[in-house]
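To start, the structure itself, in structure tokens.
The values are calculated or read from the model by the stated rules, or taken from the named source; none is laboratory data. This one's a predicted model, so the numbers in the text were calculated from it and none came from an experiment. Cβ coordinates were reconstructed from backbone atoms using ideal geometry, including for glycine residues, and neighbour counts include every protein chain displayed.
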Amino acid sequence: MRKIIVSLISLITLQASAQQADIQLPKGFAITNITKDKGRVRHIAVHSNGDVYLKLENLRYGKGILRLRDADKDGVYEDTLAFGNYIGTGIALHKNYLYASSNSAVFRYQLDAANNIVNPDQPERVVYGLVDRRQHASKSIAIDPKGNLYVNIGAPSNVCQERDRMQGSKGMMPCPILDSAGGIWKFRADKLEQSYAEGVRYATGLRNVVGLDWNTEVNELFVTVHGRDMLYQHFPELYDAKAGAELPAETFYMVKQGDNAGWPYVYWDPFQNKKILSPEYGGDGKKEGAPDAIKPLVGFPGHLAPNALLFYTGNQFPEKYRNGAFIAFHGSWNRNPQVQEGFYVVFVPMKNGQPTGDWEIFADGFTGKGKVSNPRDAMHRPCGLAMGPDGSLYVSDDAKGYVWKISYSAK
């Protein structure tokens with residue numbers, strides 16, 4: 001599990017305002033709040049000119065995308081453009097286009113030479129008709145340098161039972177959901193009006209991938225996965241309350257085309273370091289399953305909700321962060337009777353696509369009150385990550401609509 005070597009980093013607390021939590025960072029880092037009260041800000045993207053794009057889960061005055069611009073470069077984002085009449089999570093920049101997702105489609109907007117949206121009210125539709133059954137409906141996206149578009153299609157299910165989330169209901173074998181969800185689909189970013197027929201199921205057995213990013217060091221896709229729920233609630237004879245809070249692990253994978261991560265048949269147990277057969281499929285908490293399923297790079301404690309993944313490729317931060325992974329944990333809701341966990345940004349040191357050390361908490365204190373028993377008590381919930389052109393790290397919050405900029409100075 002995690003080993004946070006506090007002796008190597010001294011944490012500092014920065015008082016931003018009476019309405020903002022005190023965010024704790026390693027020594028040498030500073031945090032600035034660039035905007036607040038923007039609604040449920042999900043994923044974010046930062047353009048090479050410094051414009052910050054926010055994707056909203058709920059419409060704000062009828063719009064689901066905000067562009068923030070610091071026109072005079074004084075650190076104040078005084079110019080805001082609102083557009084897009086749909087909700088969603090995914091947003092990305094590629095070449096001269098902004099891409100954004102609803103819960104069933106992906107759109108794109110052309111940028112002109114001045115980096116303005118050419119036609120904000122008439123986006124082009126890149127992909128349509130994706131599964132949207134409310135549960136795990138968000139469509140996170142990533143684009144590789146060759147113009148391939150990767151879309152998460154989360155499983156509208158906990159563990160593919162005949163009756164979802166019902167105690168005693170058996171898991172379906174094979175799981176019919178995997179035909180159109182529970183994985184990553186690949187499309188072309190430069191082709192319009194694509195459906196499932198034009199796409200490729202790139203990887204499967206992934207319950208719900210909210211965080212994904214392309215690693216340019218090794219040219220592979222990496223993802224973070226929300227694990228299943230209700231082991232203790234449905235199988236108290238096999239799992240006690242503590243095990244139910246810690247299992248299964250939230251997982252971090254490198255995925256290649258054709259990979260299968262094993263959902264719903266298995267889950268990752270970080271204590272046994274094994275893929276354990278799900279009890280809905282005959283598991284007993286010890287029996288292994290799905291021998292051909294890939295193993296995660298890291299297994300984090302259960303239910304922390306990894307909502308964003310970003311590989312750091314900038315030069316501003318110290319060398320240890322180069323090509324490492326930042327992950328934003330949105331925070332749990334179902335670790336009772338334990339306190340809820342997450343609500344922070346962590347860092348995984350990496351080289352050549354593999355972890356080189358233990359993960360550590362990079363930014364903490366977002367709850368504003370330490371540990372919480374209910375996620376609604378958290379002041380802020382980290383959700384999106386992006387890197388600015390100067391190498392700064394941006395973090396969004398979908399509780400109160402804040403966005404922060406984290407910078408480093410050796411002074």
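Conditions tested, residue by residue: (1) outside any helix (DSSP H, G or I); (2) more than 13 Å from ARG207 (Cα to Cα); (3) at pLDDT 95 or above.
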{"residue": "LYS242", "(1), (2), (3)": "no, yes, no"}
{"residue": "TYR253", "(1), (2), (3)": "yes, no, yes"}
{"residue": "GLY262", "(1), (2), (3)": "yes, no, yes"}
{"residue": "GLN272", "(1), (2), (3)": "yes, yes, yes"}
{"residue": "LYS275", "(1), (2), (3)": "yes, yes, yes"}
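Do the conditions hold for PHE317, that is, is it under 26 Å from ALA45 (Cα atoms), assigned to a loop (DSSP other than H, G, I, E, B), among the aromatic types (Phe, Trp, Tyr) and touching a strand residue (DSSP E or B) at 6+ places or on another chain (Cβ under 7 Å)? I'd like the intermediate steps shown before the answer.
Values: under 26 Å from ALA45 (Cα atoms): yes; assigned to a loop (DSSP other than H, G, I, E, B): yes; among the aromatic types (Phe, Trp, Tyr): yes; touching a strand residue (DSSP E or B) at 6+ places or on another chain (Cβ under 7 Å): yes.
Criteria met by PHE317.
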Consider ALA293 carefully, then state whether it is surrounded by fewer than 22 Cβ atoms within 10 Å (Cβ to Cβ), within 22 Å of LEU206 (Cα to Cα), touching a strand residue (DSSP E or B) at 6+ places or on another chain (Cβ under 6 Å) and modelled with pLDDT of 95 or more. yes
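Within segment 229-242, which residues are touching a residue at least 24 places away in the same chain (Cβ under 8 Å) and surrounded by fewer than 23 Cβ atoms within 10 Å (Cβ to Cβ)? Reasoning before the result, please.
Taking segment 229-242 as the starting set, the residues that turn out to be touching a residue at least 24 places away in the same chain (Cβ under 8 Å) are 229-231, 233-235, 238-239, 241-242.
Correct list: ASP229, MET230, GLN233, HIS234, PHE235, LEU238, TYR239, ALA241, LYS242.
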Within the group ALA410, ALA378, ALA386, which residue is small (Gly, Ala, Ser), surrounded by fewer than 24 Cβ atoms within 10 Å (Cβ to Cβ) and closer than 19 Å to ARG40 by Cα? ALA378
Being assigned to a strand (DSSP E or B) and modelled with pLDDT of 90 or more narrows it down to one of LYS55, LYS27, LYS38, so name that one. LYS55
Strands (runs of 3 or more DSSP E) lying entirely in segment 140-213 (those with 2 or more residues that are touching a residue at least 24 places away in the same chain (Cβ under 8 Å) and surrounded by fewer than 21 Cβ atoms within 10 Å (Cβ to Cβ)): 183-188, 200-204
Among the numbered conditions (1) surrounded by fewer than 14 Cβ atoms within 10 Å (Cβ to Cβ); (2) on the phi < 0 side of the Ramachandran plot, tell me where ARG134 comes up short. (2)
Please indicate, with yes or no, whether at least one residue in segment 163-172 is within 26 Å of LEU247 (Cα to Cα) and of a type in the set (Asp, Glu). yes
